[in-house]
Amino acid sequence: MTNPLLVEWDTPFGLAPFDAITDEDFAPAFEAAMAAARAEIAAIADNPEAPSFANTIQALEASGKALDRVLSVFFTLAGADSTPARQALQRDFAPRLAAHSSEIYGNKALFARIDTLWQGRDALGLGPEEARLLMLTHRAFRRAGAMLSGAEEARMRAIMARLAELGTAFVQNLLADEAGWHMALAEEDLEGLPGFVVDAARAAGRERGAEGPVITLSRSLIVPFLQFSTRRDLRRRAYQAWAARGAMGGTTDNRAIAAEILALRAERARLLGYDSFAAYKLETEMAKTPGAVRDLLMAVWEPARAQAERDAATLAAMMRADGINGDPAPWDWRYYAEKRRQAEHDFDEAEVKPYLSLEAMIGAAFDCAQRLFGLEFIPLDVPLYHPDCRAWEVRRAGRHVAVFIGDYFARGSKRSGAWCSAMRGQAKWPRPQAPVVINVCNFAKGDPALLGYDDARTLFHEFGHALHQMLSDVTYESLSGTNVARDFVELPSQLYEHWLEVPEVLGRHARHVETGAPMPQALLDKVLGAARFDMGFQTVEYVASALVDLAFHEGVVPADVMARQAEVLREIEMPPAIAMRHATPHFAHVFSGDGYAAGYYSYMWSEVMDADAFASFIEAGGAFDPGRARALEREILSRGGTDEAARLYEAFRGRMPGVAALLGGRGLAA
């Protein structure tokens, strides 16, 4: 039978035929597509004709498409619906893909063609996008070690292969720890938990085959448990398990893996002539240098820590009133902060959740996209990879724009967190290609599914990434959508979160799931008024993680990652009641691959811009100002990576922003 991964997909919008694909199809499809990709690269490198933009750069752009298609399906499933068979395939594929990449970037004949074009670029008559693609291609080869030879080249290949193995192992160990732990709750253990938490715990129990409710390590379940459970002993047990992911000992322990990853990254940077991996990584980002990153983080750290320490004193007083002496522990903070929020803002999460159903928030995200950019979302009935998934055709003025897939619910087979990816990116060359974009989240299942305010913000965040993909309007796929500097990629996603806070958006969409009544104005005011609540805590846990990430990738490589983590936290005087958002053994952003390595700061770098960008809408007349929406699409969302990020932002705003808008937005300004 024909392997469905190796034929043209005669399906609606060219979507993957998930109902025809089995795990047994992946290995042979991978082999065939890899062989085809190698042959395509060899044909480019060995072309007897003189190098030209068409026969070298465009040919590279067109190569490997069969492999890309196989991998887009495979990695979607490996992240969102993992099985033992898929994990085994991932372990097999990872080092081979790293070796394939090393073969391409180490191909001397191929790089000679690219370098010839680069050296003679001024005479090629290239347009701006073609010139950008040539520059990025040459830079990627140089930074991958194309100029290395002999033992150094061989060592670089070995490093990249080993890093691929380690990144895969790190993620799979984390998934195993998250899937392997749960805490069963008896009826008396449910004290203080609102109905939505109990319902989610019962649903999790059914999924795990338990007889009653359970708490898992899914963020959308454990965080509300820590907020509402009156049982301090159970909060402590759950928190310690959550904090121990990746450090539980045995075969799934990630501490030695993290140390080896850091050592290999540092060696890789040295081979390429950089002082540190941080210096190597930041060369292509907006920040450019580790010093610029540290300056930003410390400018935010000091006011955030001061606020957190004031808040800790308030929570300690609340604990004493409950007969508990001493300072708050990390498993106390969310519980007493929630009690404080209820007291100061006179509402609790359980009161808000019925107005924030998943359906309503999807509708709100779609409605904002329609008002800002004229997009329409039409439900599709097509085969997808899991019954929880849903799909929509995206149109504008009757024209097909994209397909959007949403996979919203937590399950044991899905890695934690939330993400956006393009199963197919937008392009105009060699033929028009509309994107297929997916948002993956981990919301607690319910009937109906109800979101907390943070969950709703996550939905808007990931949909902002999706808009960056959907509204892309460039020639080459490798420059489309989110193919931008890492510290710029979070701008569209974090900017889109602001529309959730627009009163008319909640007024229109935040309706009670049973009665259909709009959220009362008094409650809406409280929700918006509490948006900055506990920002000291949230900022401290994030910035601490970013500073540890930066320290790991500068200077001497730590032999003991946990000792170095503790040292950094002592140096910045981390409040003892708050832990890093992502401790090293489960810091997947940094250790699952290079994407956010020495780059976790990028969320805050982007936040400096998103606060300033949204302010431009308000200054222009309102959140839905059509002129600002057109400028956002024209200068940022449609442009992908066709220009330097700073120039794109300046074209949109007229200047670069300072940190003041960020501090004001977080309520941390002096």
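The values are calculated or read from the model by the stated rules, or taken from the named source; none is laboratory data. Just so we're clear, the structure is a prediction, and the values are computed from it rather than from any experiment. Reconstructed Cβ throughout: ideal geometry from the backbone, glycine too, with neighbour counts over all protein chains shown.
What number of residues in the stretch 407-436 are within 16 Å of the chain's Cα centre (by Cα) and among the aromatic types (Phe, Trp, Tyr)?
2
Out of curiosity, is ALA559 assigned by TED's automatic domain parsing to the domain that holds GLN342 and either over 26 Å from the mean Cα position of the chain (by Cα) or assigned to a helix (DSSP H, G or I) (or both)?
It is true that ALA559 is assigned by TED's automatic domain parsing to the domain that holds GLN342 and either over 26 Å from the mean Cα position of the chain (by Cα) or assigned to a helix (DSSP H, G or I) (or both).
Give me the helices (runs of 4 or more DSSP H) completely within the stretch 32-139, filtered to those with at least 3 residues that are crowded, with 20+ Cβ neighbours inside 10 Å and free of Cβ contacts under 8 Å to residues at least 24 places away in the same chain, ordered by residue number.
none
Within the stretch 449-467, track down each residue that is in contact with a strand residue (DSSP E or B) (Cβ under 8 Å, 6 or more places away or on another chain) and not hydrophobic (A, V, I, L, M, F, W, C).
ASP455, THR458, GLU462, HIS465, listed by residue number.
For the stretch 335-366, which positions are surrounded by 18 or more Cβ atoms within 10 Å (Cβ to Cβ) and of a type in the set (Asp, Glu)?
Correct list: GLU338, GLU349.
If a residue has to be farther than 16 Å from PHE443 by Cβ and assigned to a helix (DSSP H, G or I) to count, how many in the stretch 207-224 make the cut?
Total meeting the criteria: 1.
So which of ALA397, ALA410 is of a type in the set (A, V, I, L, M) and at positive phi?
ALA397
Can you tell me which residue within the stretch 496-509, out of those that are among the charged types (D, E, K, R) and closer than 16 Å to GLU607 by Cα, is farthest from the chain's Cα centre (by Cα)?
GLU501
Out of curiosity, is ALA427 of a type in the set (A, V, I, L, M), closer than 25 Å to MET361 by Cα, outside the structural domain of LEU282 (by TED's automatic domain parsing) and in contact (Cβ under 8 Å) with a residue 40 or more places away in the chain?
The answer is no for ALA427.
Being closer than 24 Å to LEU133 by Cβ and either part of a loop (DSSP other than H, G, I, E, B) or free of Cβ contacts under 8 Å to residues at least 40 places away in the same chain (or both) is true for just one of GLY622, GLY658, GLY667, GLY595. Which residue is that?
Residue meeting the stated conditions: GLY595.
On the basis of being buried (at least 23 other Cβ atoms within 10 Å of the Cβ), over 20 Å from the mean Cα position of the chain (by Cα) and without any contact (Cβ under 8 Å) to a residue 60 or more places away in the chain, does LEU234 make the cut?
No: the conditions fail for LEU234.
For the stretch 543-566, enumerate the residues that are charged (D, E, K, R), more than 20 Å from ALA299 (Cα to Cα) and either touching a Ser or Thr at 6+ places or on another chain (Cβ under 8 Å) or surrounded by fewer than 19 Cβ atoms within 10 Å (Cβ to Cβ) (or both).
ASP560
Limited to the stretch 620-659, what total is found for residues that are of a type in the set (A, V, I, L, M, F, W, C), under 25 Å from the mean Cα position of the chain (by Cα) and surrounded by fewer than 16 Cβ atoms within 10 Å (Cβ to Cβ)?
Going through the stretch 620-659 one residue at a time, the tally reaches 2.
For residues that are in contact with a strand residue (DSSP E or B) (Cβ under 6 Å, 6 or more places away or on another chain) and among the aromatic types (Phe, Trp, Tyr), tally how many sit in the stretch 351-392.
3
Do we have ALA522 as in contact (Cβ under 8 Å) with a residue 60 or more places away in the chain and either touching a Pro at 6+ places or on another chain (Cβ under 9 Å) or not in a loop (DSSP other than H, G, I, E, B) (or both) here?
no
Could you say which residue among ALA312, ALA360, ALA266, ALA316 is over 26 Å from SER606 (Cβ atoms), in contact with a Pro (Cβ under 8 Å, 6 or more places away or on another chain) and touching a residue at least 40 places away in the same chain (Cβ under 8 Å)?
ALA312
When TYR385 is evaluated against the numbered criteria (1) within 25 Å of the chain's Cα centre (by Cα); (2) farther than 19 Å from SER72 by Cβ; (3) of a type in the set (Ser, Thr, Tyr), which criterion, by number, is the only one it fails?
Result: TYR385 passes all but (2).
So, in the stretch 460-495, exactly how many residues are more than 12 Å from the chain's Cα centre (by Cα), closer than 21 Å to GLU376 by Cα and outside any loop (DSSP other than H, G, I, E, B)?
7
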